[in-house]
Amino acid sequence: MKTLGFPRMHKEKGEIRAFLPDFFEKLEVNGAKIYIEEGYGSKMGYKKEDYLSVNKNIEFVSKEESYKQDIIIVLRSPEFDELELIPDGKILVSMLHYPTRAKRIKVLKRKNIKAVSLDSIRGDFLQRLVFNAKGTSLHGMEIAFSELEKIKSDFYSNTRGPLEVSIIGMGMVGLQAGKAASKFALPEIAKKIKEAKAKGVLINMLPRNITSDREEMIKILKRTDILVDASTRDNPYEYIVDNELLGNLKEEAIILDLTADPYLVDEEGIQVKAIEGIPTGTLDKYVIYKDDKEYYDIPDTVNTSNRRTVVSCDAWPGVKPRECMELYAVQMLPLITKLLEKEFDEMSLESPYYFERAIYRATLDYFFKYDKIKTE
């Protein structure tokens with residue numbers, strides 16, 4: 001019987017997420033021995049006894065021991081020093097983001113870690129199976145509208161024109177962002193808008209044939225109150241909106257960074273954000289103003305001349321941790337069950353079983369064979 005390891009996420013203070021006891025109770029039927037890092041769930045208000053009481057196969061261990069198990073499950077990717085704790089040939093289930101993490105891939109390959117990237121697990125119609133699109137988009141849009149309300153002097157005026165939200169990216173995150181924006185994201189804001197008889201929201205969904213048209217983008221940005229990055233890029237080394245173009249955005253506009261790609265330096269150059277010159281927020285700080293220090297942490301080669309208030313977080317679902325973990329538990333349980341039942345190397349696209357095919361699409365083998373983005 002394979003063993004399961006559940007390390008804690010040693011990230012920023014605001015990262016408190018852990019799977020809830022209910023999740024481990026459902027895992028008991030598999031009979032697998034589960035090794036959980038000491039302190040797991042404590043930031044969510046749980047004690048060791050809350051976990052031990054629902055699954056007799058749980059044992060609390062050190063961080064190092066939790067990383068030695070057959071299958072290691074941790075939502076956000078381990079740091080590089082934590083990856084070194086994983087014995088060669090073990091299975092790692094985590095948000096690994098292959099297309100934009102070349103250095104991480106090299107470590108995974110060097111250690112022969114059998115990686116399953118949660119953000120790449122897809123069904124037969126290539127829809128993501130472990131995904132909190134609504135949580136990501138709604139949480140971000142709620143904060144963006146709250147900030148716009150503070151900055152925009154005529155926010156509740158019945159003489160202003162419609163607010164305009166421009167969204168780069170037409171995937172699930174972008175579509176959910178548009179839906180949230182159409183209702184002003186927050187019921188209390190929507191109520192005040194209605195009472196003031198102020199105009200509503202225009203949603204601009206921007207496909208690539210528009211974002212590649214500089215003259216059209218200038219017109220759109222001049223009207224935009226909230227600019228949203230929900231993009232998926234083929235080339236992480238190129239901007240969609242460079243900083244010069246960004247200068248056309250209203251001074252009081254808010255930039256909502258839902259993608260939250262980092263700036264990363266590798267052998268190919270520097271991987272950049274879709275919008276040049278904006279910082280990346282965290283769960284500790286997801287509203288960044290024009291003179292905040294986060295702007296000065298951006299690599300010197302990146303133009304930050306034109307600045308706006310940025311709403312960004314590198315772990316958006318973590319803004320509402322309990323809701324997030326309840327959803328991920330439902331989505332991940334059948335996948336973990338399949339990994340316990342089946343040998344990793346037997347997963348393939350030819351499998352007759354839906355979840356085996358889905359898991360294989362999240363492996364490095366699939367990434368290098370079928371993904372269009374070359375990362376070597």
Q. Looking at (i) -0.74, -1.24; (ii) -0.82, -1.22; (iii) -0.84, -1.10, which value of log10 I(q)/I(0) by the Debye sum over Cα atoms at q = 0.11, 0.14 Å⁻¹ comes from a calculation on the structure shown?
A. (ii)
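Quantify, in whole percent, the carbon and sulfur part of the accessible surface of the range 86-139 (1.4 Å probe; protein heavy atoms only).
Here it works out to 54 percent.
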**Q.** Cut-off under 5 Å, modelled amide H: who pairs with ILE254 long-range
**A.** ILE226, LEU227
**Q.** Helix 172-181 axis, angle to the chain major axis (alpha carbon atoms, nearest 10°)
**A.** 50 degrees
(Q) Looking only at the chain, where both bridge partners belong to it, what percent of the DSSP beta bridges are antiparallel (to the nearest 5)? (A) 15 percent
Q) How far apart, in nm, are the 7 Å Cα→Cβ label points at GLU323 and ASP242? A) 3.9 nm
Q) Across the range 114-129, in residue order, what do the Karplus-derived ³J(HN,Hα) couplings come to in whole Hz, using 6.51 cos²θ - 1.76 cosθ + 1.60 with θ = phi - 60° and x for Gly and Pro? A) 7, 7, 10, 8, 4, 6, 10, 6, 9, x, 5, 9, 6, 7, 5, 9
Q) For the range 176-219 and the range 16-51, what is the separation of their Cα centres, given in Å? A) 41 Å
Q: Provide the per-residue ³J(HN,Hα) series for the range 318-335, in order, calculated from phi with Karplus coefficients 6.51, -1.76, 1.60 and θ = phi - 60°, each as a whole number of Hz, with x at glycine and proline positions.
A: x, 4, 10, x, 5, 4, 4, 6, 5, 5, 4, 4, 5, 6, 8, 4, x, 6
Q. For the range 55-108, with only Lys/Arg (+1) and Asp/Glu (-1) charged at the beta-carbon, what is the dipole magnitude about the Cα centre, in debye rounded to 20?
A. 300 debye
(Q) Let's see if you can work this out: charge +1 on each Lys and Arg Cβ, -1 on each Asp and Glu Cβ, no other charges. What is the dipole magnitude of the chain about its Cα centre, in debye to the nearest 20? (A) 940 debye
**Q.** CD proxy at 222 nm, helix term only [per DSSP H run n ≥ 4: -39500 (n - 2.57); per residue of the chain; nearest 500]
**A.** -9000 deg cm²/dmol
Q: Find how much the distance from TYR296 to LYS68 grows on full extension, using 0.36 nm per residue of separation minus their present alpha carbon separation; answer in nm with one decimal.
A: 78.2 nm
Q: Go ahead and run the numbers for FRET between GLU343 and ARG110, Cβ-Cβ distance against an R0 of 25 Å, rounding to 0.05.
A: 0.65
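Could you give the accessible area per residue of the chain, probe 1.4 Å, as a whole number in Å²? Show your work: numbers first, answer last.
Working: 17120 Å² over 376 residues.
With the other protein chains kept in place, the chain gives 46 Å² per residue.
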Q: May I ask you to compute the full-extension gain from MET170 to TYR289, defined as 0.36 nm times their residue separation minus their alpha-carbon distance, rounded to one decimal in nm?
A: 40.1 nm
(Q) Out of all DSSP beta bridges in the range 220-360, what portion is antiparallel? Express it as a percent rounded to 5. (A) 35 percent
**Q.** Vicinal HN-Hα couplings computed from phi for the range 93-102 (Karplus, 6.51 cos²θ - 1.76 cosθ + 1.60; Hz; Gly/Pro x)
**A.** 10, 6, 7, 9, 6, 3, x, 10, 10, 4
Q: Quote the FRET efficiency, to the nearest 0.05, computed for ASP22 versus LYS222 with a Förster distance R0 of 56 Å and r equal to the Cβ-Cβ distance.
A: 0.65
Q. By how many nm would the segment from ASP266 to THR159 lengthen if fully extended, with 0.36 nm per residue of separation less the alpha-carbon distance?
A. 33.5 nm
Q: Would you look at the GNM of the chain, springs on alpha carbons closer than 10 Å, and say which of LYS192, LYS152, LYS114 moves the most?
A: LYS192
Q: List every residue whose amide H lies under 5 Å from the amide H of ASN204, counting only residues 5 or more places away in sequence or on a different chain, with H placed 1.01 Å from N in the peptide plane.
A: VAL165, SER166, ILE167
Q) Under a 5 Å amide H to amide H cut-off, with H placed in plane at 1.01 Å, what residues pair with LYS114 once short-range neighbours are removed? A) GLY89, LYS90, ILE91, LEU92
Q: Pop out the carbon and sulfur fraction of the accessible area of the range 233-376 as a percent, whole number, probe 1.4 Å.
A: 48 percent
Q: Tell me the chymotrypsin sites (Phe, Trp or Tyr not before Pro) within the range 109-192 that lie in a loop according to DSSP and have at most 14 other beta-carbon atoms within 10 Å.
A: PHE125
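The values are calculated or read from the model by the stated rules, or taken from the named source; none is laboratory data. Fair warning: this is a prediction, and the values are worked out from it, not measured in the lab. With ideal geometry, Cβ positions are generated from the backbone for all residues, glycine too; neighbour counts draw on all protein chains shown. What goes into the accessible areas is simple: the full protein's heavy atoms, side chains included, and nothing from ligands, DNA or RNA. Shrake-Rupley method; radii C 1.70, N 1.55, O 1.52, S 1.80 Å.
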